[in-house]
Ligand SMILES: Cc1cc2nc3c(=O)[nH]c(=O)nc-3n(C[C@H](O)[C@H](O)[C@H](O)COP(=O)(O)OP(=O)(O)OC[C@H]3O[C@@H](n4cnc5c(N)ncnc54)[C@H](O)[C@@H]3O)c2cc1C
C-alpha cells in the first residue's frame, strides 16, 4: 500500500547500512550535509557483525601495489579508491574509536579483541550524534516513474525524492543478513549495466562417493598445496588449508583461488584442481618410503606411517585410485603429490562469503556516480569487483563508501541538481522520523 506522498528530503539519501553505506554517511555528514540512511533490516551492519565472528579481518598489511593486485581486473580502479583510504587509514580510523589493531602472522589485520560489535556500536553512536538519521525496515524497491525512491516499510510503501542518493546495498551472499541482491532487477530495469552476481570466496561441489561425503564431511586437510590453471592455462600453486564437505570442498585456500576455478567451470563445464597432500615431502623420497615392505599392515596404515597422511587424506587417495591403490607405487606417490579433483560447480551464492559481479564500473564516473543517472552514486560490494578474503573485501567497501560520499558532496556543492533544492516543499516529512535501530 502506498501512502501516496512523496517526501522530499533536502539531504543525501544513503541506502544500505553496511560498511560502505556507513562510511558514505560519515563522509557526507562531515561535510555538513544532512544524511538520511535507509536499511531494509531492523538494524544496520549485520554482515559486518557476522564478519566479526571470524575475528573481523579488517584489512591486510600487504604493501601496495601488491595489495591492489588482489582486485584482479579491477586493480587500477580499486587502487584509486585506496589512494583515498588505504589500510593505514582504515587502521587509524578504527583507532579513533579506541579500537587498536594488530597484524596477524598471515599479514591480516584484526582489531585487538577480534570483535566487530564494539567498533560498529561506537561508529553508529557517533554517526547518530553527528546527526545522521537512520531509517530501518525500509526496503528499497526501485524508482517510480517520477524518479522518486520507493521503499517498502511495515506501514506500506513510501516514496522519497532526494537531491542525491548513494546506493550501498551489498552483494547477494548470506541474504538473511539483508543483502539479497534484489536491487539488481530495478537497476537493470532502469537501464544500468549490471554484471550478473556470481559466487566468490566460495566452496565447490565434487561428486564424492557416499563414503567420503558421509564419513569425512567436516574433515580439514592441512596443509596442502593447491595447483590450478588460470584462464591463460598458466599453472599456479598455493599452500594452505581446506575442508572436505558433504558436497565437495571449501576453506581458505579454495576461497583464495575461487575466481579462477569459477571461471574455468563457466568456460569448460568443470575445473581441475590438484592437491599435494604431502607438501614438504620430496616426490622421489616419498616413492622410496612407500616402496618399503608393509608386511601385514593395511595400505591405509602404510600411508599413515610412510607418507604422514591422516584418515581424510588417505580416504581421498582411495577415492581417486580405488581399493587396489597399492598395486602401483609410482602412481600412488604421484597421486599423493598431485591428487586430481574435478570441481563441478561453485556453491550457491547464498552460502558464499561474497559475490562477484554487480554495477559495472564502466557505468560510473570517477566519483562513482552513475553516468546514466546523475546524482545517484554506488559503493561497496554491489560494484563489479572481487577480491579474496584477507581483509581486501572490507577495505574496498570502506574506500568506495568514502569515495562515493565525497563524490556526492562535490556534486551537490557544485550546484547540482539544477533545480532549487532549498525551495522544495517537504511533504510527509513526519512520516520519516527515524525508526532507528
Ligand atoms: C560470514 C562472512 C564473513 C566475512 N568476513 C569478512 C572479513 O573478515 N573481512 C572482510 O574483508 N570481509 C568479510 N566478509 C565480507 C564483508 O562482510 C562484505 O564484503 C561487506 O560487508 C560488504 O559491505 P557493503 O557495505 O558493501 O554491504 P553489506 O555489508 O552487505 O551491507 C549492505 C546493507 O544494505 C542493506 N540492503 C540490501 N538490500 C537493500 C534494499 N533493497 N533496501 C534497503 N537496504 C538494503 C542490507 O540490509 C545491508 O545492511 C565476510 C562476509 C561473510 C558473509
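Exactly one condition in (1) surrounded by fewer than 18 Cβ atoms within 10 Å (Cβ to Cβ); (2) modelled with pLDDT under 95; (3) under 27 Å from residue 410 (Cβ atoms) is false for residue 76; which is it?
Unmet for residue 76, out of (1) surrounded by fewer than 18 Cβ atoms within 10 Å (Cβ to Cβ); (2) modelled with pLDDT under 95; (3) under 27 Å from residue 410 (Cβ atoms): (2).
Restricting attention to the range 387-409, which residues are near the ligand (Cβ under 10 Å from one of its atoms) and crowded, with 24+ Cβ neighbours inside 10 Å?
Taking the range 387-409 first, the residues near the ligand (Cβ under 10 Å from one of its atoms) are 387-398, 400-401.
387, 391, 392, 393, 394, 395, 396, 397, 398, 400, 401 - these are the residues of the range 387-409 that are near the ligand (Cβ under 10 Å from one of its atoms) and crowded, with 24+ Cβ neighbours inside 10 Å.
Here is a list of conditions, (1) more than 9 Å from the ligand (Cβ to nearest atom); (2) crowded, with 18+ Cβ neighbours inside 10 Å; (3) in contact (Cβ under 8 Å) with a residue 60 or more places away in the chain, and residue 138 meets all of them except one; can you say which number that is?
Of the numbered conditions (1) more than 9 Å from the ligand (Cβ to nearest atom); (2) crowded, with 18+ Cβ neighbours inside 10 Å; (3) in contact (Cβ under 8 Å) with a residue 60 or more places away in the chain, the odd one out for residue 138 is (1).
So residue 102 fits all but one of (1) closer than 29 Å to residue 366 by Cα; (2) loosely packed, with under 14 Cβ neighbours inside 10 Å; what number is the exception?
Exception for residue 102: condition (1).
For the range 354-364, name all the residues that are more than 18 Å from residue 82 (Cβ to Cβ) and either away from the ligand (no atom under 14 Å from the Cβ) or in a loop (DSSP other than H, G, I, E, B) (or both).
The answer is 360, 362, 363.
For residues that are in a loop (DSSP other than H, G, I, E, B) and more than 10 Å from the ligand (Cβ to nearest atom), tally how many sit in the range 169-204. Give the derivation first.
Quick first cut of the range 169-204, residues in a loop (DSSP other than H, G, I, E, B) only: 169-174, 178-183, 190-193, 201-203.
If we keep only those that are more than 10 Å from the ligand (Cβ to nearest atom) too, we end up with 190-193, 202-203.
Within the range 169-204, residues that are in a loop (DSSP other than H, G, I, E, B) and more than 10 Å from the ligand (Cβ to nearest atom) number 6.
Of these, 186, 175, which one is surrounded by fewer than 19 Cβ atoms within 10 Å (Cβ to Cβ), touching a helix residue (DSSP H, G or I) at 6+ places or on another chain (Cβ under 9 Å) and under 24 Å from residue 348 (Cβ atoms)? Don't jump to the end; show me each part of the working.
Numbers: 186 fails: touching a helix residue (DSSP H, G or I) at 6+ places or on another chain (Cβ under 9 Å).
Selected residue: 175, the only one of 186, 175 that is surrounded by fewer than 19 Cβ atoms within 10 Å (Cβ to Cβ), touching a helix residue (DSSP H, G or I) at 6+ places or on another chain (Cβ under 9 Å) and under 24 Å from residue 348 (Cβ atoms).
Okay, residues lined up against (1) modelled with pLDDT under 95; (2) under 22 Å from residue 222 (Cα atoms); (3) buried (at least 20 other Cβ atoms within 10 Å of the Cβ); (4) out of contact with any strand residue (DSSP E or B) (no Cβ under 6 Å at 6 or more places or on another chain):
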site: 271; (1), (2), (3), (4): no, yes, yes, no
site: 275; (1), (2), (3), (4): no, yes, yes, no
site: 292; (1), (2), (3), (4): yes, no, no, yes
site: 332; (1), (2), (3), (4): no, yes, yes, yes
site: 344; (1), (2), (3), (4): no, no, no, no
site: 351; (1), (2), (3), (4): no, no, no, yes
site: 357; (1), (2), (3), (4): no, no, yes, no
site: 360; (1), (2), (3), (4): no, no, no, no
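Just the residues that are free of Cβ contacts under 8 Å to residues at least 40 places away in the same chain and either more than 22 Å from residue 205 (Cα to Cα) or part of a loop (DSSP other than H, G, I, E, B) (or both), please, taken from the range 317-343.
Those that are free of Cβ contacts under 8 Å to residues at least 40 places away in the same chain and either more than 22 Å from residue 205 (Cα to Cα) or part of a loop (DSSP other than H, G, I, E, B) (or both): 322, 323, 324, 325, 326, 327, 328, 331.
Conditions (1) over 17 Å from the mean Cα position of the chain (by Cα); (2) more than 6 Å from the ligand (Cβ to nearest atom); (3) within 30 Å of residue 251 (Cβ to Cβ), marked per residue:
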{"position": "11", "(1), (2), (3)": "yes, yes, no"}
{"position": "14", "(1), (2), (3)": "yes, yes, no"}
{"position": "19", "(1), (2), (3)": "no, no, yes"}
{"position": "30", "(1), (2), (3)": "yes, yes, no"}
{"position": "42", "(1), (2), (3)": "yes, yes, no"}
{"position": "54", "(1), (2), (3)": "no, no, yes"}
{"position": "63", "(1), (2), (3)": "yes, yes, yes"}
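Just wondering, is there one or more residues in the range 54-67 that are in a helix (DSSP H, G or I) and under 18 Å from residue 20 (Cβ atoms)? First the steps, then the outcome.
So the first thing to find is which residues in the range 54-67 are in a helix (DSSP H, G or I), and the list is 66-67.
The next check asks that each one be under 18 Å from residue 20 (Cβ atoms); those that pass are none.
Taking every residue of the range 54-67 in turn, none turns out to be in a helix (DSSP H, G or I) and under 18 Å from residue 20 (Cβ atoms).
Starting from the range 269-289, keep only residues that are more than 20 Å from residue 258 (Cβ to Cβ), then list their pairs with residues that are loosely packed, with under 14 Cβ neighbours inside 10 Å whose Cβ atoms are within a distance under 8 Å, requiring at least 6 positions of separation or different chains.
Final answer for the pair search is 279/239; 287/330.
Quick check on this structure: which one of 314, 257, 249, 265 is in the same structural domain as residue 213 (by TED's automatic domain parsing), within 25 Å of residue 202 (Cα to Cα), surrounded by fewer than 20 Cβ atoms within 10 Å (Cβ to Cβ) and modelled with pLDDT of 95 or more?
On the way: 314 fails: surrounded by fewer than 20 Cβ atoms within 10 Å (Cβ to Cβ); 257 fails: surrounded by fewer than 20 Cβ atoms within 10 Å (Cβ to Cβ); 249 fails: surrounded by fewer than 20 Cβ atoms within 10 Å (Cβ to Cβ).
Exactly one residue qualifies, and that residue is 265.
Would you check if there is a residue in the range 108-126 being within 14 Å of the ligand (Cβ to nearest atom), in a strand (DSSP E or B) and out of contact with any helix residue (DSSP H, G or I) (no Cβ under 8 Å at 6 or more places or on another chain)?
yes
What number of residues in the range 227-239 are farther than 10 Å from residue 279 by Cα and not in a loop (DSSP other than H, G, I, E, B)? It would help to see each step written out before you state the result.
Of the residues in the range 227-239, the ones farther than 10 Å from residue 279 by Cα are 227-238.
Adding the requirement that they be not in a loop (DSSP other than H, G, I, E, B) leaves 227-229, 235-238.
The qualifying residues number 7.
So which residues in the range 379-395 are under 8 Å from the mean Cα position of the chain (by Cα) and either part of a helix (DSSP H, G or I) or within 16 Å of residue 174 (Cα to Cα) (or both)?
The answer is 381, 389, 393, 394.
The values are calculated or read from the model by the stated rules, or taken from the named source; none is laboratory data. What you see is a predicted model; the values in this text were computed from it and never measured. For neighbour counting, all protein chains shown are included, and Cβ atoms are generated from backbone atoms with ideal geometry for every residue, glycine included.
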